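Data first, discussion second: the structure below is written as C-alpha coordinates.
The values are calculated or read from the model by the stated rules, or taken from the named source; none is laboratory data. Treat the numbers as computed from the prediction; the structure is a model and nothing was measured. Every residue, glycine among them, receives a Cβ derived from its backbone with ideal geometry; neighbour counts consider all protein chains shown. Accessible surface is based on the protein model in full, side chains and every heavy atom, while ligands, DNA and RNA are left aside. Shrake-Rupley method; radii C 1.70, N 1.55, O 1.52, S 1.80 Å.
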Amino acid sequence: MIEEKSFGKARLYTLSNAVLQVRISSRGATVTSLRYRGQETILGYDSDEGYLRGGAYLGATVGRVGNRIGGAGFTLNGQRYDLVPNEGPNQLHGGPEAFDRQLWEAERLDDTALRFTLFSPDGENGFPGNLEAAVTYSLNGGTLRIEFAGKCDKDTVYAPTNHMYFDLSGKGEALEARLWLGADAYVEPGEGLIPTGRLLPCEGAFDFHSLRKVAREYDHAFVLSGEHACRLEDGGLRMDLFTDMPGLQVYTGRYLDPPHRAYQGLALEPEYLPDAPNQPAFPSIELKAGEPFLRWAEYRFTEI
(Lines give C-alpha, C1' and ligand atoms only; values in the text may rest on other atoms or scores of the structure.)
Protein backbone atom coordinates (compact mmCIF):
# COMPACT_ATOMS: atom_id res chain seq x y z
CA MET A 1 0.00 0.00 0.00
CA ILE A 2 1.23 3.52 -0.84
CA GLU A 3 -0.05 6.74 0.70
CA GLU A 4 0.88 10.31 -0.24
CA LYS A 5 0.58 13.66 1.51
CA SER A 6 2.17 17.10 1.59
CA PHE A 7 5.38 17.59 3.58
CA GLY A 8 6.21 21.28 3.50
CA LYS A 9 7.35 22.00 -0.06
CA ALA A 10 7.95 18.29 -0.58
CA ARG A 11 5.69 15.25 -0.83
CA LEU A 12 5.78 12.39 1.67
CA TYR A 13 5.09 8.83 0.55
CA THR A 14 4.38 5.85 2.81
CA LEU A 15 4.98 2.28 1.67
CA SER A 16 3.78 -0.44 4.02
CA ASN A 17 3.15 -4.15 4.32
CA ALA A 18 2.38 -6.46 7.24
CA VAL A 19 5.76 -5.90 8.95
CA LEU A 20 7.53 -2.88 7.42
CA GLN A 21 6.57 0.75 6.93
CA VAL A 22 8.87 3.21 5.17
CA ARG A 23 8.24 6.91 4.65
CA ILE A 24 10.13 8.73 1.88
CA SER A 25 10.22 12.44 1.19
CA SER A 26 10.63 13.78 -2.32
CA ARG A 27 13.21 16.13 -0.74
CA GLY A 28 16.38 14.21 -1.44
CA ALA A 29 14.47 10.95 -1.99
CA THR A 30 14.97 10.75 1.78
CA VAL A 31 13.89 7.94 4.09
CA THR A 32 12.30 9.83 6.98
CA SER A 33 11.00 6.79 8.89
CA LEU A 34 11.54 3.03 8.77
CA ARG A 35 9.43 0.97 11.17
CA TYR A 36 9.57 -2.77 11.75
CA ARG A 37 6.36 -4.02 13.39
CA GLY A 38 5.72 -0.46 14.56
CA GLN A 39 9.18 0.10 16.05
CA GLU A 40 11.13 3.04 14.61
CA THR A 41 14.64 2.03 13.50
CA ILE A 42 16.20 5.24 12.11
CA LEU A 43 16.65 8.92 12.95
CA GLY A 44 14.69 11.63 11.17
CA TYR A 45 13.08 15.07 11.35
CA ASP A 46 9.40 15.89 11.74
CA SER A 47 9.28 18.44 8.91
CA ASP A 48 10.70 19.32 5.52
CA GLU A 49 12.23 22.41 7.15
CA GLY A 50 14.17 20.13 9.48
CA TYR A 51 15.81 18.41 6.54
CA LEU A 52 16.66 21.75 4.94
CA ARG A 53 18.24 23.02 8.17
CA GLY A 54 20.03 19.82 9.12
CA GLY A 55 23.55 19.07 8.03
CA ALA A 56 23.82 15.34 8.78
CA TYR A 57 22.13 13.93 5.63
CA LEU A 58 19.63 11.93 7.71
CA GLY A 59 18.15 9.22 5.48
CA ALA A 60 18.99 11.14 2.30
CA THR A 61 20.06 9.98 -1.13
CA VAL A 62 23.46 11.61 -1.53
CA GLY A 63 25.35 12.28 -4.77
CA ARG A 64 26.43 12.58 -7.40
CA VAL A 65 29.25 10.99 -5.40
CA GLY A 66 28.82 9.80 -1.83
CA ASN A 67 31.61 10.42 0.67
CA ARG A 68 34.61 12.72 0.08
CA ILE A 69 36.57 13.79 -2.97
CA GLY A 70 39.94 15.19 -1.95
CA GLY A 71 40.83 18.66 -3.17
CA ALA A 72 37.33 18.96 -4.64
CA GLY A 73 38.48 17.79 -8.03
CA PHE A 74 39.60 14.93 -10.24
CA THR A 75 41.02 14.18 -13.69
CA LEU A 76 39.00 12.18 -16.20
CA ASN A 77 40.12 11.40 -19.76
CA GLY A 78 43.02 13.81 -19.31
CA GLN A 79 40.78 16.73 -18.31
CA ARG A 80 40.74 18.29 -14.85
CA TYR A 81 37.34 18.93 -13.28
CA ASP A 82 37.16 21.35 -10.36
CA LEU A 83 34.23 20.67 -8.08
CA VAL A 84 32.49 22.95 -5.60
CA PRO A 85 33.97 22.28 -2.13
CA ASN A 86 31.70 22.11 0.90
CA GLU A 87 33.97 20.63 3.58
CA GLY A 88 37.13 22.70 3.77
CA PRO A 89 39.09 22.13 0.54
CA ASN A 90 37.19 18.89 -0.19
CA GLN A 91 33.78 17.96 -1.51
CA LEU A 92 31.43 15.83 0.60
CA HIS A 93 28.38 13.94 -0.68
CA GLY A 94 28.16 15.75 -4.01
CA GLY A 95 28.66 19.31 -2.80
CA PRO A 96 26.29 22.08 -1.71
CA GLU A 97 22.62 21.92 -2.68
CA ALA A 98 23.18 18.46 -4.12
CA PHE A 99 20.89 15.41 -4.38
CA ASP A 100 19.89 15.55 -0.71
CA ARG A 101 18.46 19.10 -0.96
CA GLN A 102 16.63 18.85 -4.27
CA LEU A 103 13.05 17.82 -5.00
CA TRP A 104 12.78 14.52 -6.85
CA GLU A 105 9.88 13.32 -9.00
CA ALA A 106 8.04 10.25 -7.71
CA GLU A 107 6.45 7.45 -9.73
CA ARG A 108 4.43 4.56 -8.32
CA LEU A 109 5.55 1.30 -9.91
CA ASP A 110 3.07 -0.92 -8.02
CA ASP A 111 1.67 -1.25 -4.49
CA THR A 112 5.11 -2.09 -3.09
CA ALA A 113 7.54 0.12 -5.04
CA LEU A 114 8.29 3.80 -5.73
CA ARG A 115 10.83 5.26 -8.13
CA PHE A 116 12.28 8.75 -7.62
CA THR A 117 14.02 10.55 -10.49
CA LEU A 118 16.16 13.68 -10.71
CA PHE A 119 17.87 15.53 -13.57
CA SER A 120 21.33 16.85 -12.72
CA PRO A 121 22.56 19.28 -15.42
CA ASP A 122 26.04 19.37 -16.91
CA GLY A 123 28.38 21.28 -14.60
CA GLU A 124 26.26 20.99 -11.47
CA ASN A 125 28.72 21.33 -8.56
CA GLY A 126 31.45 20.82 -11.17
CA PHE A 127 30.50 17.36 -12.43
CA PRO A 128 30.50 16.74 -16.19
CA GLY A 129 27.47 15.64 -18.17
CA ASN A 130 23.70 15.78 -18.03
CA LEU A 131 22.80 13.02 -15.61
CA GLU A 132 19.48 11.25 -15.15
CA ALA A 133 19.46 9.79 -11.63
CA ALA A 134 16.93 7.34 -10.21
CA VAL A 135 16.35 5.64 -6.87
CA THR A 136 13.77 2.89 -6.40
CA TYR A 137 12.43 1.79 -3.01
CA SER A 138 10.54 -1.48 -2.66
CA LEU A 139 9.27 -3.68 0.19
CA ASN A 140 9.17 -7.46 0.38
CA GLY A 141 8.28 -8.86 3.79
CA GLY A 142 10.87 -7.61 6.26
CA THR A 143 13.19 -6.33 3.52
CA LEU A 144 13.62 -2.79 2.20
CA ARG A 145 15.45 -2.78 -1.15
CA ILE A 146 17.01 0.36 -2.64
CA GLU A 147 18.19 0.43 -6.25
CA PHE A 148 20.41 3.27 -7.44
CA ALA A 149 20.41 3.98 -11.17
CA GLY A 150 21.74 6.61 -13.54
CA LYS A 151 22.74 7.47 -17.09
CA CYS A 152 24.79 10.40 -18.40
CA ASP A 153 25.44 11.92 -21.83
CA LYS A 154 29.17 12.45 -21.08
CA ASP A 155 31.82 10.39 -19.38
CA THR A 156 31.52 11.26 -15.70
CA VAL A 157 31.87 9.87 -12.18
CA TYR A 158 28.85 8.60 -10.28
CA ALA A 159 28.47 6.79 -6.95
CA PRO A 160 25.33 7.66 -4.94
CA THR A 161 24.26 6.09 -1.66
CA ASN A 162 21.72 6.31 1.13
CA HIS A 163 22.62 7.89 4.47
CA MET A 164 20.26 6.38 7.04
CA TYR A 165 21.25 6.50 10.73
CA PHE A 166 20.09 3.40 12.59
CA ASP A 167 18.80 3.32 16.16
CA LEU A 168 17.14 -0.08 16.41
CA SER A 169 16.41 0.15 20.13
CA GLY A 170 15.07 3.71 20.11
CA LYS A 171 17.36 4.52 23.04
CA GLY A 172 19.81 6.62 21.00
CA GLU A 173 22.88 4.74 22.15
CA ALA A 174 24.71 3.83 18.94
CA LEU A 175 27.90 2.81 20.72
CA GLU A 176 25.97 0.17 22.67
CA ALA A 177 24.62 -1.55 19.55
CA ARG A 178 26.29 -4.76 18.41
CA LEU A 179 27.87 -4.85 14.95
CA TRP A 180 29.37 -7.45 12.60
CA LEU A 181 31.09 -6.41 9.37
CA GLY A 182 31.77 -8.49 6.29
CA ALA A 183 35.15 -6.82 5.82
CA ASP A 184 38.80 -7.81 6.19
CA ALA A 185 40.29 -4.37 5.47
CA TYR A 186 39.53 -0.68 5.91
CA VAL A 187 40.70 2.52 4.25
CA GLU A 188 43.40 4.39 6.15
CA PRO A 189 42.13 7.97 6.60
CA GLY A 190 44.50 10.90 6.22
CA GLU A 191 44.00 14.61 6.80
CA GLY A 192 40.37 15.65 6.46
CA LEU A 193 39.44 11.94 6.26
CA ILE A 194 40.84 11.80 2.72
CA PRO A 195 42.36 8.34 2.15
CA THR A 196 46.11 7.88 2.17
CA GLY A 197 45.60 5.15 -0.43
CA ARG A 198 46.54 2.36 2.00
CA LEU A 199 44.23 -0.46 3.02
CA LEU A 200 44.79 -1.76 6.54
CA PRO A 201 43.73 -5.12 8.01
CA CYS A 202 40.68 -5.18 10.27
CA GLU A 203 42.49 -5.84 13.52
CA GLY A 204 42.10 -4.55 17.08
CA ALA A 205 39.45 -1.84 17.29
CA PHE A 206 38.59 -2.44 13.61
CA ASP A 207 37.98 -6.16 13.98
CA PHE A 208 34.25 -6.81 13.59
CA HIS A 209 34.56 -10.41 12.40
CA SER A 210 32.49 -11.34 15.45
CA LEU A 211 29.35 -9.52 16.57
CA ARG A 212 30.34 -7.02 19.30
CA LYS A 213 29.50 -3.59 20.67
CA VAL A 214 30.47 -0.63 18.53
CA ALA A 215 31.98 0.84 21.73
CA ARG A 216 33.94 3.78 20.26
CA GLU A 217 33.86 6.48 17.60
CA TYR A 218 34.22 5.57 13.92
CA ASP A 219 34.08 7.41 10.62
CA HIS A 220 35.80 4.85 8.43
CA ALA A 221 35.30 3.10 5.11
CA PHE A 222 35.47 -0.69 5.22
CA VAL A 223 36.27 -2.81 2.16
CA LEU A 224 33.60 -5.46 1.79
CA SER A 225 34.45 -9.12 1.18
CA GLY A 226 31.04 -10.02 -0.23
CA GLU A 227 27.42 -8.95 -0.48
CA HIS A 228 26.66 -9.43 3.23
CA ALA A 229 27.97 -6.05 4.38
CA CYS A 230 26.97 -5.99 8.04
CA ARG A 231 24.69 -7.15 10.84
CA LEU A 232 23.40 -4.76 13.48
CA GLU A 233 21.59 -5.87 16.64
CA ASP A 234 19.97 -3.78 19.34
CA GLY A 235 16.68 -3.59 21.24
CA GLY A 236 15.58 -7.08 20.24
CA LEU A 237 15.95 -6.35 16.52
CA ARG A 238 18.43 -7.49 13.90
CA MET A 239 19.19 -5.71 10.63
CA ASP A 240 21.32 -7.38 7.96
CA LEU A 241 22.58 -5.18 5.14
CA PHE A 242 23.39 -6.74 1.78
CA THR A 243 24.78 -4.79 -1.20
CA ASP A 244 26.78 -5.06 -4.42
CA MET A 245 28.71 -1.91 -3.51
CA PRO A 246 32.42 -2.47 -2.71
CA GLY A 247 32.49 -0.51 0.57
CA LEU A 248 30.63 0.46 3.71
CA GLN A 249 31.15 3.73 5.58
CA VAL A 250 30.57 3.32 9.31
CA TYR A 251 29.93 6.64 11.08
CA THR A 252 28.91 6.84 14.73
CA GLY A 253 27.31 10.28 14.40
CA ARG A 254 29.65 12.45 16.47
CA TYR A 255 28.51 15.62 14.69
CA LEU A 256 24.75 15.05 14.62
CA ASP A 257 22.99 18.38 15.05
CA PRO A 258 19.94 19.29 17.21
CA PRO A 259 17.40 17.97 17.95
CA HIS A 260 19.64 14.90 17.71
CA ARG A 261 22.79 14.42 19.73
CA ALA A 262 26.18 12.86 19.22
CA TYR A 263 26.20 9.06 18.91
CA GLN A 264 22.40 8.83 18.81
CA GLY A 265 22.43 6.83 15.57
CA LEU A 266 24.82 4.74 13.50
CA ALA A 267 25.19 5.59 9.81
CA LEU A 268 25.87 2.54 7.63
CA GLU A 269 26.46 3.76 4.08
CA PRO A 270 26.85 1.15 1.31
CA GLU A 271 29.01 2.89 -1.26
CA TYR A 272 32.18 3.09 -3.27
CA LEU A 273 35.37 3.95 -1.42
CA PRO A 274 36.06 7.63 -0.58
CA ASP A 275 38.06 9.76 -3.01
CA ALA A 276 37.74 7.01 -5.63
CA PRO A 277 38.40 9.33 -8.63
CA ASN A 278 41.83 10.16 -7.21
CA GLN A 279 42.73 6.68 -5.95
CA PRO A 280 43.66 4.45 -8.92
CA ALA A 281 43.89 1.35 -6.72
CA PHE A 282 40.26 1.73 -5.57
CA PRO A 283 37.26 0.43 -7.58
CA SER A 284 36.49 2.95 -10.31
CA ILE A 285 33.37 5.12 -10.23
CA GLU A 286 33.75 6.26 -13.84
CA LEU A 287 30.45 6.10 -15.73
CA LYS A 288 30.80 6.06 -19.51
CA ALA A 289 28.47 8.17 -21.64
CA GLY A 290 25.24 6.33 -22.38
CA GLU A 291 26.03 3.35 -20.16
CA PRO A 292 23.59 2.50 -17.36
CA PHE A 293 24.56 2.53 -13.68
CA LEU A 294 22.74 0.13 -11.37
CA ARG A 295 23.64 -0.82 -7.81
CA TRP A 296 21.49 -2.04 -4.91
CA ALA A 297 21.25 -2.40 -1.16
CA GLU A 298 18.86 -4.49 0.94
CA TYR A 299 18.02 -3.96 4.60
CA ARG A 300 16.60 -7.17 6.07
CA PHE A 301 14.88 -6.98 9.47
CA THR A 302 14.09 -9.77 11.90
CA GLU A 303 13.48 -10.14 15.61
CA ILE A 304 16.24 -11.70 17.68
Seminar exercise, completed: Note on segment 3-34: residues surrounded by 17 or more Cβ atoms within 10 Å (Cβ to Cβ) and farther than 25 Å from GLU303 by Cβ are PHE7, ALA10, ARG11, LEU12, TYR13, SER25, SER26, ARG27, GLY28, ALA29, THR30
Exercise. Does segment 167-194 hold any residues that are aromatic (Phe, Trp, Tyr) and either in a helix (DSSP H, G or I) or more than 18 Å from GLY66 (Cα to Cα) (or both), and which are they?
Worked result: TRP180
Exercise. How many residues are farther than 20 Å from THR61 by Cα and in contact with a Phe, Trp or Tyr (Cβ under 6 Å, 6 or more places away or on another chain) if we restrict to segment 284-300?
Worked result: 0
Problem set entry | Matching residues in segment 57-78 - criterion: being farther than 30 Å from GLU173 by Cβ and either open to solvent by 20 Å² or more (accessible area, probe 1.4 Å) or hydrophobic (A, V, I, L, M, F, W, C) (or both) | VAL65, ILE69, GLY71, ALA72, PHE74, THR75, LEU76, ASN77, GLY78
For this session: Mind listing whichever residues of segment 210-262 are under 29 Å from SER47 (Cα atoms), assigned to a loop (DSSP other than H, G, I, E, B) and either open to solvent by 10 Å² or more (accessible area, probe 1.4 Å) or at pLDDT below 95 (or both)?
Result: GLU217, GLY235, GLY236, ARG254, TYR255, LEU256, ASP257, PRO258, PRO259, HIS260, ARG261, ALA262
For this session: Scan segment 198-209 residue by residue and report those that are in contact with a strand residue (DSSP E or B) (Cβ under 8 Å, 6 or more places away or on another chain) and outside any loop (DSSP other than H, G, I, E, B).
Result: ARG198, LEU199, LEU200, PRO201, PHE206
Exercise. Any residue at all in segment 48-56 that is of a type in the set (Lys, Arg), open to solvent by 30 Å² or more (accessible area, probe 1.4 Å) and in a strand (DSSP E or B)?
Worked result: no
For this session: Kindly indicate whether any position in segment 296-303 is at negative phi, assigned to a loop (DSSP other than H, G, I, E, B) and crowded, with 24+ Cβ neighbours inside 10 Å.
Result: no
Exercise. Looking at (1) at pLDDT 95 or above; (2) over 29 Å from LYS288 (Cα atoms); (3) among the polar types (S, T, N, Q), which is the one condition that is false for ASN130?
Worked result: (2)
For this session: Could you grab the pairs with beta carbons closer than 8 Å, sequence gap of 6+ or different chains, first residue in segment 100-129 and farther than 24 Å from MET1 by Cβ, second one among the aromatic types (Phe, Trp, Tyr) and in a loop (DSSP other than H, G, I, E, B)?
Result: ASP100/TYR57; LEU118/TRP104; SER120/PHE127
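Restricting to segment 263-275, and then to whatever is touching a strand residue (DSSP E or B) at 6+ places or on another chain (Cβ under 7 Å) and assigned to a loop (DSSP other than H, G, I, E, B), can you tell me which residue is nearest to ARG300 (Cα to Cα)?
We begin by selecting, within segment 263-275, every residue touching a strand residue (DSSP E or B) at 6+ places or on another chain (Cβ under 7 Å); these are 265-275.
Now restrict to residues that are assigned to a loop (DSSP other than H, G, I, E, B): 265, 272-275.
Numbers: GLY265: 18, TYR272: 21, LEU273: 23, PRO274: 25, ASP275: 29 Å.
If we take residues in segment 263-275 being touching a strand residue (DSSP E or B) at 6+ places or on another chain (Cβ under 7 Å) and assigned to a loop (DSSP other than H, G, I, E, B), then GLY265 is nearest to ARG300 (Cα to Cα).
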Exercise. Name the residues in segment 80-93 that are free of Cβ contacts under 8 Å to residues at least 60 places away in the same chain and either closer than 20 Å to LEU193 by Cα or hydroxyl-bearing (Ser, Thr, Tyr) (or both), would you?
Worked result: TYR81, ASP82, LEU83, VAL84, PRO85, ASN86, GLN91, LEU92
Exercise. Restricting the search to segment 197-209, which residues are under 28 Å from GLY88 (Cα atoms) and open to solvent by 70 Å² or more (accessible area, probe 1.4 Å)?
Worked result: ARG198, LEU199
